[in-house]
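Inspection log for the structure reproduced underneath, given as structure tokens.
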Amino acid sequence: MAQLIFEHISKSYHSGEPVIKDFHFETKEQEFIVFVGPSGCGKSTILKMIAGLENITSGRLIIDGREMNNVPTRERNLSMVFQNYALYPHMTVYQNIAFGLKMRKEKKTDIKKKVLKTAEITGLTTLLTRKPKDLSGGQRQRVALARAIVCDNPVFLMDEPLSNLDAKLRTQMRREITLLHKRLATTTIYVTHDQTEAMTMADRIIVLKDGSIQQVGTPHEIYETPANLFVASFIGSPAINVLEGKVESNVITIDGIPTHFSRENLKNTNEALIGIRPEHLIIDKYNPLLIATVEDLETLGADTIIYAKYNRIHLTIKAPGLLSFTKGDRLPLSLAGKHLLLFDKESKKIIL
Ligand SMILES: Nc1ncnc2c1ncn2[C@@H]1O[C@H](COP(=O)(O)OP(=O)(O)O)[C@@H](O)[C@H]1O
Ligand SMILES: [Mg+2]
């Protein structure tokens, strides 16, 4: 069990521009935290500061009440798995998992007990005598996980550990890591650029952009009430539709079409950007708000993604089921009004 506290942490490499700006956050014990954001936003930098592999330019990192800024990596009691985990090619799976414990000069009988238990948790029991070259990608990834968790440290850091795996394996390992977390009772910081991983794995998500926290929240909070347009657009696939709108006498008008949705407490003639998730545009033959024209389709099986156009506006619609349309078909649409998100046109922040 462990709690991590980040107090106004900033980081610059070689006295350049800060790449992490005022990172301020507290985990709870045993939380699964996911840092998500586009490439280059500073996710790995924060992880390296936690690990003691990069120094902290200003601010404080506290783990379980102890300031860690100047504590060497080996004294921080961390387990780490990175994207390019390198297994020792000449060692067996058993030896790879045992390596860290051996370095710590633990007793042989203890090592054996721990390795066997970890192998069981990670599904490697039958593979212990193999060498890495005789394993599949997913099995190798599991050895990397096993090697990290065998040391039984209270803090677990993972930096894009699944990005080298194929799509199917990624989905499976996602689930395995989530279950593993529940068994291990560690506080986990997991870094990814993949919003699906963030949504499916996190207790809480931290969305980062250009080294600054955009929002902290549960997957539900982030999806339903994104703090700004960046978060709204980054989380969710396909991406949210963003339309020009206006609020007049509390009624929301989208691209000139008055809707029957209203919002209280809004300044009148407030220009706004309106976010509508693809699943909240609904095909509605009987009482449509607008008639769009089908441009293109993507058949996913369980769902169909429809790309359509209304006047000059491009719309993405996600509809359940296998649908067939042809380019040029009329597409009557209405909105799930309570899910409309309004953003200030200038600041791009959500209007609540
Ligand atoms: N060792 C380094 N020296 C200088 N700049 C770096 C170094 N490592 C990362 N950066 C810069 O810091 C920013 C954040 O990088 P990084 O933390 O790797 O982002 P992410 O992991 O989110 O892709 C980027 O602009 C990157 O170019
Ligand atoms: Mg990175």
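Coordinate-derived values only; no laboratory data. Note that this is a predicted model, so its numbers are computed, not measured. As a convention, Cβ positions derive from the backbone with ideal geometry for all residues, glycine included, and neighbour counts pool all protein chains shown.
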Quickly estimate the mean residue ellipticity at 222 nm for the chain, helices only: each DSSP H run with n ≥ 4 gives -39500 (n - 2.57), and the total goes over all residues, rounded to 500. -7000 deg cm²/dmol
Applied in sequence order to the stretch 190-202, the curve 6.51 cos²θ - 1.76 cosθ + 1.60 (Karplus, θ = phi - 60°) yields integer Hz couplings, x standing for Gly and Pro, of 10, 9, 7, 9, 9, 5, 5, 4, 4, 5, 7, 9, 7
What whole number of Å gives the distance from the Cα centroid of the stretch 169-246 to the Cα centroid of the stretch 1-77? 19
When all Cα-Cα pair distances of the chain are considered, the percent exceeding 30 Å is 49
So, R0 is 35 Å and r is the distance between the beta-carbons of I291 and T225; what FRET efficiency does that work out to, to 0.05? 0.70
Relative contact order of the stretch 1-97: what whole-number percent is it, with Cα pairs under 8 angstrom and at least 6 residues apart? 28
Using a Gaussian network model on the chain with a 10 Å cutoff between Cα atoms, which of L78, L47, L323 fluctuates the most? L323
Once Lys and Arg are counted +1 and Asp and Glu -1 for all other residues with Cβ under 13 Å from that of P161, the total becomes +1
Taking the Cβ of V19 as the center, what net charge do the other residues with Cβ under 15 Å away carry, scoring Lys and Arg +1 and Asp and Glu -1? +1
So the FRET efficiency between T126 and N164, C-beta based with R0 = 25 Å and rounded to 0.05, is 0.60
Here the relative contact order (percent) of the stretch 179-271, from C-alpha pairs under 8 Å and at least 6 apart, is 15
Set K48/K209; K48/K349; K209/K348; K318/K338; K21/K348, cut-off 23 Å on Cα-Cα distance; pairs above it are K48/K349
If amide H atoms are modeled at 1.01 Å from N in the peptide plane, then the residues at a separation of 5 or more from F156, or on another chain, having amide H under 5 Å from its own are S79, T187, T188, I189
To the nearest 20 debye, what charge dipole does the chain have about its Cα centre, counting +1 at the Cβ of each Lys and Arg and -1 at the Cβ of each Asp and Glu? 1640
Could you please report the charge total around T304, scoring K, R as +1 and D, E as -1 over all other residues with beta-carbon less than 9 angstrom from its beta-carbon? -1
The ³J(HN,Hα) series, computed from each phi in the stretch 65-80 with the Karplus coefficients 6.51, -1.76 and 1.60 at θ = phi - 60°, rounded to the nearest Hz and given as x for glycine or proline, is x, 10, 5, 10, 2, 10, 8, x, 3, 5, 8, 8, 6, 10, 10, 9
Residue by residue through the stretch 45-59, the couplings from Karplus 6.51 cos²θ - 1.76 cosθ + 1.60 with θ = phi - 60°, in Hz, x for Gly and Pro, are 4, 5, 4, 5, 5, 4, 6, x, 8, 9, 7, 9, 6, 8, x
